[in-house]
Amino acid sequence: MKRIVVDPVTRIEGHLRVELNIDEATGKVQDALSSGTAWRGIELIVKDRDPRDAWAFVQRICGVCTSIHSLASLRAVEDALGISIPKNANYIRNIMKASQDVHDHLVHFYHLHALDWVSPVEALKADPAAAGALQNTILEKYNLGLTGPIEFDTAAYPKEFPKATTAYFKAIQEKVKKIVASGQLGIFAAHWWDHPDYQLLPPEVHLIAVSHYLNMLDKQRELVAAHLVFGGKNPHPHYIVGGMPCSISMSDMNAPVNTERLAVVDTSINLALAAVNFFYLPDLLAIGHMYAQKGYVDGGGLAKERVLGYGDFPDEPYSGITDGDYHKKCLIRSNGVVENFAAGAAGAVFHNLEGKDFGDPAILAEGVEHSWYTYPEEGQDLHPFSGVTNPYYTGPKEGTKTEWKQLDEKNKYSWLKTPKWQGKPAEVGPLAKYIIVYVKVKQGIIPEPTWAEKLMVEQIDAVSGVLGLSPEAWMLSTVGRTAVRGLDAQLAAYCNKYYFEKLIKNIRAGDTAVANMEKWEPSSWPKEAKGVGIIEAPRGALGHWVMIKDGKIANYQCIVPTTWNACPRDKNGVQGAYEASMIDTKVKIADKPLEVLKVIHSFDPCLACATHLYNAEGKEIAVVHTDAYCKV
């Protein structure tokens, strides 16, 4: 038995440490720990602040999914105060959310996850002419031929299309060759390029993927134009409680939103569709197909047992979340829990999750039995409305508080709490969202699917046809979790086009309202109120809970997707999604656990960044270093 530590896990947002016990003879992971090594203190920062400002603070929880926390926060405050936003604001928020989804998934695959599958070193062995021919074959073979409900397509042709010439791939290969020959790999540094998994794919696939890696480095910034036009900037665009802060005018060319700027958004949306349909999905399916053919379908972990989703994309404005109207309006009704999908869609068990459940401590709660926090009553789980953020750092089992050698799996070992649905952990993310919708449609729980839900089912069935495997055989794996994220990007790209068309039609009809200010003044609020804000973030189910008293935030708690997935085990030793997926993964070389990096990266980890706290005068009080490699 060999113990392996990977700390920090790179190519993620935030700080993550994993520890593994590996049987070197079999490659079996016997035990695994996942530890978030930084403390998120945002909940304390927003306490006693004006709830209208909360979105601006909490969106700084993450620097990658930059607008998702804002939307969850806005929904929570609006739910608490009974605010319904105008149609235009709802469409614009959906466009910004869909743009974020596509951008996040593309960046994740090419710049955070692709190098687990392809190697610039292997790309040097490729024949550029063969790569060009293979590129055309991939585009033809892995085009699923699925589209959303586009009524007016303003793109005459894709502005970007994968190049497939010998000269192009030869030029890319020469560029990579110079980087490798210099010994300064830069963006390709610090990896196990001699791992046997890199021999599974032809060199030409490596060259194609590396060329697209470089191509998307340049193009990804153009995918978030909607954030610039409607929100003023990216990252962290602007919002407002009650709607959006951007006025609309089709006659004033100085207006924040006018014909010229709407055209910019349209161009960005069309580019996203091309990037997903002609780059992302073909690359993803080509690599995934080769892995699936060789039997690499491990890493499913907790997804085999239990997945959870919240639902998203309210098609029209709704009156609230806790009153149940939100889910009645959702385009994608992925709200619920599915257990035992390993038995297939027919054998899986579905549990509903709707508005009233989000305030029920018997349905949703968090524990801290293995987390560096304390609760008023030891061993008791708390619902977010009554949640507390009281840090209690105890250090590792072996080593010092700043120099860790081994974490203490029997006690506290992570800065992440342990979220639970009815006392059980669950996996969240695009994979969970797709499993839930697929089961609900196949079992007739959704008798009349929306166009988006139909597309999701068609995507799963199409990929199953390409791979020659049933959905439960390929989805419940590292390959499946990665592939479904690409399907979700395609879905989001079509949602983007769909809501843009709804926005244009509504403006043409003469409606230019973007904000409802009827309850802007605190004098119109109740003395006490509480609300829930939920959203399907790129990494899965995200919830914000706010309690307002006398016009100020009395308590604020978040359960983020990575908290669900990267959480430490519960008091009964039941492990979260990261830990379960690592145990479900076979490792070829203990000292080079590339397979474990693959499965961790398939979740697109987003652990919270370290927080500095300041007093009222703006002076720094203290900086707490919780990473084992930080020096005071």
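What helices (runs of 4 or more DSSP H), lying completely within the stretch 161-237, carry at least 1 residues that are charged (D, E, K, R) and within 30 Å of K592 (Cβ to Cβ)? Hits in the stretch 161-237: 166-182, 203-219. Within the option set V479, V437, V428, being open to solvent by 10 Å² or more (accessible area, probe 1.4 Å) and modelled with pLDDT of 95 or more holds for one residue only, V479.
Taking the criterion of being closer than 23 Å to D360 by Cβ, modelled with pLDDT of 90 or more and out of contact with any strand residue (DSSP E or B) (no Cβ under 6 Å at 6 or more places or on another chain), the only residue of the stretch 383-421 that qualifies is S386.
Residues that are among the small types (G, A, S), closer than 30 Å to K586 by Cβ and modelled with pLDDT of 95 or more occur at least once in the stretch 124-137. I150 meets the conditions (1) part of a helix (DSSP H, G or I); (2) at pLDDT below 95 in every case but one. The failed one is (1). Quick check on the stretch 332-341. Is at least one of its residues more than 17 Å from E453 (Cβ to Cβ) and in a loop (DSSP other than H, G, I, E, B)? Yes; the residues of the stretch 332-341 include at least one that is more than 17 Å from E453 (Cβ to Cβ) and in a loop (DSSP other than H, G, I, E, B). Within the stretch 489-497, is even one residue touching a residue at least 40 places away in the same chain (Cβ under 8 Å), part of a strand (DSSP E or B) and polar (S, T, N, Q)? No, the stretch 489-497 contains no residue that is touching a residue at least 40 places away in the same chain (Cβ under 8 Å), part of a strand (DSSP E or B) and polar (S, T, N, Q).
Annotation: of all residues in the stretch 371-388 being of a type in the set (S, T, Y) and open to solvent by 20 Å² or more (accessible area, probe 1.4 Å), the one that is farthest from L353 (Cα to Cα) is T374. In the stretch 440-476, what count of residues is obtained for those that are surrounded by fewer than 21 Cβ atoms within 10 Å (Cβ to Cβ), touching a residue at least 60 places away in the same chain (Cβ under 8 Å) and not in a loop (DSSP other than H, G, I, E, B)? Matching residues across the stretch 440-476 total 6. Could you check the stretch 240-261 and list, in sequence order, the residues that are open to solvent by 10 Å² or more (accessible area, probe 1.4 Å) and either part of a strand (DSSP E or B) or within 29 Å of D53 (Cα to Cα) (or both)? Those that are open to solvent by 10 Å² or more (accessible area, probe 1.4 Å) and either part of a strand (DSSP E or B) or within 29 Å of D53 (Cα to Cα) (or both): I240, P245, S247, I248, S249, N254, P256, R261. A search for C-beta distances below 6 Å between a residue of the stretch 323-342 that is at positive phi and any residue that is part of a strand (DSSP E or B) and among the β-branched types (V, I, T), counting only pairs 6+ apart in sequence or on different chains, returns N340/V349. Of all residues in the stretch 407-425, those that are more than 21 Å from H351 (Cβ to Cβ) and either open to solvent by 40 Å² or more (accessible area, probe 1.4 Å) or of a type outside the set (A, V, I, L, M) (or both) total 9. Checking each residue in the stretch 314-331 for being acidic (D, E) and not in a helix (DSSP H, G or I) picks out D315, E316, D323. For the stretch 89-145, a residue qualifies if it is within 30 Å of I248 (Cβ to Cβ), of a type in the set (S, T, Y) and over 14 Å from the mean Cα position of the chain (by Cα), and exactly one does: Y91.
Once the stretch 344-370 is narrowed to residues that are assigned to a loop (DSSP other than H, G, I, E, B) and of a type in the set (G, A, S), the residue that is most open to solvent (accessible area, probe 1.4 Å) is A346.
Filtering the stretch 508-533 to residues that are among the hydrophobic types (A, V, I, L, M, F, W, C), open to solvent by less than 70 Å² (accessible area, probe 1.4 Å) and either out of contact with any helix residue (DSSP H, G or I) (no Cβ under 7 Å at 6 or more places or on another chain) or closer than 15 Å to A80 by Cβ (or both) leaves W525, A529, V532. Could you go through the stretch 213-234 and let me know if any residue there is among the β-branched types (V, I, T), at pLDDT 95 or above, open to solvent by 30 Å² or more (accessible area, probe 1.4 Å) and in contact with a strand residue (DSSP E or B) (Cβ under 8 Å, 6 or more places away or on another chain). No - not one qualifying residue is present in the stretch 213-234.
If you go through the stretch 272-313 and pick out every residue that is farther than 22 Å from I435 by Cβ and either open to solvent by less than 10 Å² (accessible area, probe 1.4 Å) or in a helix (DSSP H, G or I) (or both), you end up with 12. Among the residues making up the stretch 361-396, a single one is closer than 19 Å to V428 by Cα and acidic (D, E): E366.
The values are calculated or read from the model by the stated rules, or taken from the named source; none is laboratory data. All values derive from a computational prediction rather than experimental measurement. Cβ coordinates were reconstructed from backbone atoms using ideal geometry, including for glycine residues, and neighbour counts include every protein chain displayed. Calculation scope for accessible area: heavy atoms of the full protein, side chains included, ligands and nucleic acids excluded. Shrake-Rupley method; radii C 1.70, N 1.55, O 1.52, S 1.80 Å.
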